[in-house]
Amino acid sequence: MMLIEVVTLFPEMVDVVLKTSILERAEKFSKVEYRVHNLRKWAKGKHLTVDDVPFGGGAGMVLKPEPLCNAVDELKQQAFKSGYEPYVIFPSPDGVLFSQERAIQLAKRKYLLFICGRYKGVDERFRQTRVDEEISIGDYVLSGGELPALTIIDAIVRLQEGVLTDFESATVDSFYQTPLLDCAWYTRPWEFEGLTPPEVLKSGNHKQIDEWRQKSREEKTKARRPDLWEKWLELQNKKEED
Ligand code: SAH
């Protein structure tokens with residue numbers, strides 16, 4: 001079973017997502033255990049301060065290094081004792097861009113610890129000394145690391161075997177095995193507002209249906225993501241050479 005811990009100033013925000021749908025089911029089926037901690041637990045002083053003004057001035061607050069480092073040290077030590085190999089992830093807009101490929105790699109680990117930044121971010125020394133990997137979920141800035149951490153957790157947990165009712169359905173998603181986007185999907189009713197799916201989907205001919213789906217994936221990728229299309233062509237060429 002995988003253990004995923006999250007340190008945040010807003011545990012209730014993280015809990016509500018982890019207690020919903022597939023993420024909750026994964027815990028119920030003992031595929032994963034979540035532990036969500038309030039960063040304030042490691043704050044000191046009467047006011048349990050976790051942030052302070054930036055050296056050099058400027059607007060906004062910075063998360064202090066001590067509570068963050070103490071949290072990581074304590075949780076890592078516990079993890080070690082339980083036989084885990086701890087791995088600390090800090091979501092940050094200047095991290096390496098997240099991808100399905102990275103999700104597949106991280107899904108193989110047994111223990112992940114996510115530290116959620118807030119405000120202007122965290123003291124650089126925490127990043128230097130305690131973080132194994134910094135991940136960005138895209139070129140935009142959110143108010144905190146909670147949604148990025150949950151995004152990464154969702155992508156990882158749904159890859160654990162036995163989490164999705166039909167594991168197949170993950171393996172045909174966009175990006176799973178190929179750089180192609182997913183095909184178009186239809187369900188009942190057959191006719192909706194005058195629109196109908198391609199006839200082939202009614203044919204029962206699975207070879208033809210697979211061919212149509214592949215074509216749909218290729219056309220969509222070519223039209224929407226020329227970068228992925230190039231990658232796909234390169235892969236095809238390489239396969240031919242092999
Ligand atoms: N000043 C920082 C942004 C701070 S946003 C900068 O410009 O890079 C506050 C926190 O939200 C960050 O520390 C990080 O944990 C999280 N965050 C915001 N946007 C993110 C993104 N695109 N990917 C990952 N984490 C993000």
Looking at (1) aliphatic (A, V, I, L, M); (2) more than 20 Å from Pro148 (Cα to Cα); (3) touching a His at 6+ places or on another chain (Cβ under 7 Å), which one does Val7 not meet, given that it meets all the others? (2)
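Determine, yes or no, whether Gln100 is surrounded by fewer than 19 Cβ atoms within 10 Å (Cβ to Cβ), free of Cβ contacts under 8 Å to residues at least 40 places away in the same chain and assigned by TED's automatic domain parsing to the domain that holds Leu23.
no
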Would you mention how many residues in the range 109-143 are closer than 21 Å to Pro11 by Cβ and among the hydroxyl-bearing types (Ser, Thr, Tyr)? 3
Have a look at Lys46, Lys41 and point out the one that is at pLDDT below 95, of a type in the set (Lys, Arg), farther than 15 Å from Phe126 by Cα and more than 24 Å from the chain's Cα centre (by Cα). Lys46
Hey, Val163 under 22 Å from Ile89 (Cβ atoms) and at pLDDT below 95 or not: yes
How do the strands (runs of 3 or more DSSP E) wholly within the range 60-177 filter down when requiring 1 or more residues that are away from the ligand (no atom under 13 Å from the Cβ) and of a type outside the set (A, V, I, L, M, F, W, C): which remain? 111-115
Could you tell me whether any residue of the range 206-221 is open to solvent by 60 Å² or more (accessible area, probe 1.4 Å), of a type outside the set (Phe, Trp, Tyr) and not in a helix (DSSP H, G or I)? no
State the number of residues belonging to the range 31-59 that are part of a loop (DSSP other than H, G, I, E, B) and either in contact with a Pro (Cβ under 7 Å, 6 or more places away or on another chain) or surrounded by 10 or more Cβ atoms within 10 Å (Cβ to Cβ) (or both). 6
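A quick yes/no check of all residues on (1) open to solvent by 40 Å² or more (accessible area, probe 1.4 Å); (2) within 24 Å of Glu101 (Cβ to Cβ):
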{"position": "Thr151", "(1), (2)": "yes, yes"}
{"position": "Asp154", "(1), (2)": "yes, yes"}
{"position": "Glu161", "(1), (2)": "yes, yes"}
{"position": "Leu164", "(1), (2)": "no, yes"}
{"position": "Thr171", "(1), (2)": "no, yes"}
{"position": "Phe175", "(1), (2)": "yes, yes"}
{"position": "Leu181", "(1), (2)": "no, yes"}
{"position": "Trp185", "(1), (2)": "yes, yes"}
{"position": "Glu191", "(1), (2)": "yes, no"}
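The values are calculated or read from the model by the stated rules, or taken from the named source; none is laboratory data. Source: prediction; values computed, not measured. Note that we place each Cβ from the backbone using ideal geometry, even for glycine, and neighbour counts take in every protein chain shown. Just the protein is used for accessible areas: all its heavy atoms, side chains included, with ligands, DNA and RNA removed. Shrake-Rupley method; radii C 1.70, N 1.55, O 1.52, S 1.80 Å.
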